[in-house]
Amino acid sequence: MNDMDKKTDKDILILAIESSCDETAAAVVKNGREVLSNVIYTQIALHTVYGGVVPEIASRKHIEKINQVIRAALDEARVTLQDITAIAVTYGPGLVGALLVGVSEAKAISFATGLPLVGVHHIEGHISANFIENKDLEPPFVCLVVSGGHSHLVVVKDYGEYEIIGRTRDDAAGEAFDKVARAIGLGYPGGPKIDKVSNEGNPNAIHFPRAKVDDNMYDFSFSGLKSAVLNYLNSCEMKGETICQADVAASFQKSVVDVLVEHSMAAVKQYGYDKFAIAGGVASNSHLREAFETECKKRKLKFYHPSPIFCTDNAAMIGVAGYYEYIKGTRHGMDLNAVPNLKLGERI
């Protein structure tokens, strides 16, 4: 079922909450495609000093900020809880303490108002971010989800119906970006910093490996690439050779981009779709976008991607996914819990 199939005299307004990692976010989404508000409180500055997200700090800050963020989202959308149709909330995957803050808040609002509660899968949210600005996009299509914790190649068969055809065997792409950025002295968060400094480097200066997984051509592996970068840095240090930070960053990034593009284009060809989308925090990487733009144009494929604000964690994408779950009849009770290792397509 899509939103055109759903006949209703009244607009469906979803209040969405996202707190799976280090962003406290709330949004109001109208009829699945129109974002009336999207408020995000980011904790990047708090965690930068530690070189990554500290779960306990993230959870405490969510508790401190979540009410403020929800009020701001309602105010920005110029609605009250009386106007809301349902509450959508991320319940997995993610950091368990962080997830629990959002889930507890959503259950409290649902209990106090009687509004239906809809639990949303975080990855489904990232995929659904593509529906916000691309009004013509409808399933089926192939989507690459790349973030700090996930690297998934997914066939989106219908709204809320997915088949994972490829996934990382070890480090996610975003995780590899963070680790390499730390190793070459760029710090956290690694993705945006490598993207920026790569503009000053030569992507062909150093040849780093492109891993293939023998038993599944669509699976990813980035731990070997990360190790190759660390070995290169150690080798240069032992030989007393100067390390060009920009060249290392650009060469590493090219290796990641080449693998992501190759696997994705092979999947689109095999499944015969003319639509391809990307999602997740790494999807905002400018070099990855340019590579997909080029390859999709060459193959006459329609290429979809969210704006950067909808690539990183946000509640608008949860509101979109929550809308499609709501019109399918998905409802959760007060027993909804955080599921940190929730699999895509798994229902609790």
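Taking label positions 7 Å along the Cα-Cβ direction at both Glu76 and Asp136, the computed distance is 2.8 nm, reported to one decimal. Between the beta carbons of Lys269 and Lys196, assuming R0 = 30 Å, the FRET efficiency works out to 0.40 to the nearest 0.05.
Only helical runs count toward this figure. For the chain, summing -39,500 (n - 2.57) over DSSP H runs of n ≥ 4 and dividing by all residues gives -13500 deg cm²/dmol at 222 nm.
Of all DSSP beta bridges confined to the chain, the antiparallel ones make up roughly 60%.
Just flag the GluC sites (Glu not before Pro) in the stretch 187-292 sitting in loop per DSSP whose Cβ has no more than 13 other Cβ atoms within 10 Å.
Passing both the DSSP loop test and the Cβ count: Glu241.
For Tyr162, the amide hydrogen comes within under 5 Å of the amide hydrogens of Lys157, counting only partners 5 or more places away or on other chains and with H modelled in the peptide plane.
Could you work out how much longer the chain between Arg182 and Asn216 gets when fully extended? Use 0.36 nm per residue separation minus the Cα distance between them, nm to one decimal.
9.2 nm
Placing a pseudo-label 7 Å from each Cα along the Cα-to-Cβ vector at Ser307 and Lys10 gives an inter-label distance of 3.0 nm. Give me the lysines in straight-line cross-link reach of Lys254: C-alpha distance below 20 Å, same-chain residues under 8 apart excluded. Within reach: Lys179, Lys193, Lys196, Lys212, Lys226, Lys297, Lys298.
Between Lys297 and Glu241, full extension at 0.36 nm per residue minus the direct alpha carbon distance yields a gain of 16.1 nm. Listed by chain and number, the aspartates and glutamates whose C-alpha is less than 16 Å from the C-alpha of Lys65, apart from same-chain residues fewer than 8 away, are Glu18, Asp22, Glu23, Glu56, Asp75, Glu105, Asp313. Residues in the stretch 31-43 carry Karplus couplings, in order, of 6, x, 10, 10, 8, 8, 7, 8, 9, 10, 9, 9, 9 Hz; the curve used is 6.51 cos²θ - 1.76 cosθ + 1.60 with θ = phi - 60°, and Gly or Pro positions show x. Computed from the C-beta positions of Arg33 and Ala205 and an R0 of 41 Å, the FRET efficiency is 0.40 to the nearest 0.05.
We did not get these values from a lab; they are worked out from the coordinates using the rules stated. Everything numeric in this text was worked out from a predicted model, so none of it was measured. Methodologically, a virtual Cβ is constructed for each residue, glycine included, from the backbone with ideal geometry; neighbour enumeration extends over all protein chains shown.
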